[in-house]
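Taking it in order: structure first as structure tokens, then the write-up.
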Amino acid sequence: MGATTAATAASQATVFLTAGLLVLCMGLWATGLIAEVVTAMMFFALAMLLKLAPSQTIFSGFASQAFWLVTSGLVVGLAINRTGLGQRLARALADRLPNSYPGFVAGLIAFSFLLAFVMPSNLGRIALMVPILLAICDAYGLTPGRPGRTGAILAFGVATPILSAALLPANVPNLVMAGTAETLYGLHLTYLPYLWLHAPVLAVLKGAILTVCVVLLFRDRIDSARPPMEPLPPISADERRLAVILAIMLGLWVTDGIHHIPPAWVGLAAAVVVMLPKVGVLPGDAFSQIQLKTCFYIAAIFGLTAIVNESGLGREIGRALLAVAPFEVGASAKNFATLVAISVGFLFATTTNGAPALYTALAQDFSQASGLDLMSIVMIQVVGYANVFLPYQAPPIVMTMDLGRVSLADTTRLTLVFGTATLLIAAPCAFLWFRLLGRLP
């Protein structure tokens, strides 16, 4: 009896300490009081010192596919920058953008989504494109201080993390969701079915909504024809080789339902080839220039989720939510709205990167309460976390503000309007699309 009581007390202490660590880490990640990588290292240190779980659980994030896909994405992004292929792609964009302000904004938003197919890193795409975008704005006469310049920068910066939610390997929240679902439930998400489920609403429709929001909030016009830009040098051998590598990588991603090789290992192989002597385009020591802080952040998120699940804290959080959530078996619309609301609610506490970890850890409980299958429960959350209402909820948007010298007030104005509009318009459309595809009864 005494041994049972002691074990129960130890279990309760572990749950209590895990809850404290969860609040601490999520709070620091949400507020940005200290660097994300420092919080990640703090998590690893405290979890080991407090003996909250075995080391293989705490460090399980380093074995996740998400960790390696982000790492390989950083390598590929560096190659795109180094070879000049990124600048060539941006220049191709600039040459094809209309001379009308709405067309200019729509073109930037469309390009942000298309670039995600070949460059699986939100922060990498922002770092590459914002300086180029400033030059494009200058060429179009959208000089500093004009609302059209602010609108163009924010159009690309907001579209980058939001629209890429429709593309499985293209942003961190998707990878957190996919990795957690695989770790906890053995669910394997594939490229094309995921794209078909989400792209029509979360990319196409939301891209149109974002265009309207930017054009209305930052009214401007392009006064005259764009002057010709300096011609680019002929395409180099490195650019050609990298283009072939990217084409093969994208082809393998698209056909993962046939060969069953996860996107992470395809991306990792592409990163290795990029750095091979004579074959690749980067020297081997280029890896030292990769900023691995995002990778450690991903590993910490997965480790924290694993501890929350193993300690029993996840069950306690699930019970608390289920006590107030209006789930009803057979009420598809009500259950869909409730799940989207829960996903959105997590954004305010944990940002887009952390929300999928908490939500996915509770998916089994949500499935039992609503009567929906587990895969549908996991997929519905994307409709929620693909909305942001405040800039801090999406780190790429904060990075856009810094690089593009855009004010917090202007950014918040757009995210609030866009987030509200998409929740009112896109979420119901997503529900109808899910039903049309047979994902919901």
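The values are calculated or read from the model by the stated rules, or taken from the named source; none is laboratory data. Predicted, not measured: the structure shown is a model, and the values here were computed from it. Cβ: placed from backbone, ideal geometry, glycine included. Neighbour counts: every protein chain shown. The area values use the complete protein model at the heavy-atom level, side chains included, leaving out ligands, DNA and RNA. Shrake-Rupley method; radii C 1.70, N 1.55, O 1.52, S 1.80 Å.
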Check your understanding: Can you give the accessible area per residue of the chain, in Å², using a 1.4 Å probe?
Key -> 40
Practice item. Among the aspartates and glutamates, select those whose C-alpha is under 14 Å from the C-alpha of residue 278, and discard any that sit fewer than 8 residues away in the same chain. Key: 238, 239
Check your understanding: Relative contact order of the range 363-414: what whole-number percent is it, with Cα pairs under 8 angstrom and at least 6 residues apart?
Key -> 22
Revision key, fill the gap. So, relative contact order of the chain in percent, Cα under 8 Å, 6 or more apart, is 25
Practice item. Enter the angle in degrees (range 0 to 90, nearest 10) between the Cα long axis of helix 2-31 and the first principal axis of the Cα atoms of the chain, meaning the one along which they spread out most. Key: 20
**Study point:** Inter-label distance for residue 269 and residue 50, nm, one decimal - labels placed 7 Å from Cα along Cα-to-Cβ
**Key:** 4.1
Review point. Counting Lys and Arg as +1 and Asp and Glu as -1, each charge on the Cβ, what is the dipole of the chain about the Cα centre in debye, to the nearest 20?
Key: 580
Exercise for review: Would you kindly derive the ³J(HN,Hα) couplings of the range 392-409 from the backbone phi angles with the Karplus curve 6.51 cos²θ - 1.76 cosθ + 1.60 (θ = phi - 60°), listing them in order in whole Hz, with x for Gly and Pro?
Suggested key: 5, 5, 10, x, x, 5, 5, 5, 4, 4, 5, 5, x, 6, 10, 6, 5, 4
Revision key, fill the gap. For residue 293, the lysines lying under 16 Å Cα to Cα, once residues fewer than eight places off in the same chain are dropped, come out as none
Exercise for review: Enter the Cα centre distance for the pair the range 39-69 and the range 402-435, rounded to the nearest angstrom.
Suggested key: 33
Review point. How large is the charge dipole for the range 206-284, taken about the Cα centre, if only the Cβ atoms of Lys, Arg (+1) and Asp, Glu (-1) carry charge, to the nearest 20 debye?
Key: 80
**Study point:** 0 to 90° range, to nearest 10: angle between helix 206-217 axis and the chain longest Cα axis
**Key:** 60
Exercise for review: Give me the aspartates and glutamates in straight-line cross-link reach of residue 334: C-alpha distance below 17 Å, same-chain residues under 8 apart excluded.
Suggested key: 365, 373
Practice item. For residue 331 paired with residue 219, estimate the spin-label separation in nm (one decimal), with each label point 7 Å from Cα along the Cα-to-Cβ line. Key: 4.3
Study note, to complete from the structure: Taking the dipole of the range 1-159 about the Cα centre (Lys, Arg +1; Asp, Glu -1; charges at Cβ), the one of 144, 94, 130 that reaches farthest to the positive side is 94
Review point. Nearest 0.05, what FRET efficiency do residue 289 and residue 254 give at R0 = 41 Å with Cβ-Cβ as r?
Key: 0.90
Study note, to complete from the structure: Rounded to the nearest Å, the spacing of the alpha-carbon centers of the range 303-379 and the range 147-219 is 20
Revision key, fill the gap. Of the accessible area of the chain, computed with a 1.4 Å probe and all protein chains kept, carbon and sulfur make up a percent value of 69
Practice item. Beta carbons within 10 angstrom, averaged per residue: use that to sort the peptides 237-246, 274-283, highest first. Key: 237-246, 274-283
Point to revise | Phi-based couplings in Hz for the range 145-150 (Karplus 6.51, -1.76, 1.60; Gly and Pro marked x) | key: x, 7, x, x, 5, 4
Check your understanding: Normalised by the residues of the range 288-421, what does the relative contact order come to in percent, with Cα pairs under 8 Å and at least six apart?
Key -> 22
Review point. Counting only the heavy atoms of the protein chains, how much of residue 334 is accessible to a 1.4 Å probe, in Å² to the nearest 10?
Key: 90
Check your understanding: Counting Lys and Arg as +1 and Asp and Glu as -1, each charge on the Cβ, what is the dipole of the range 207-337 about the Cα centre in debye, to the nearest 20?
Key -> 140
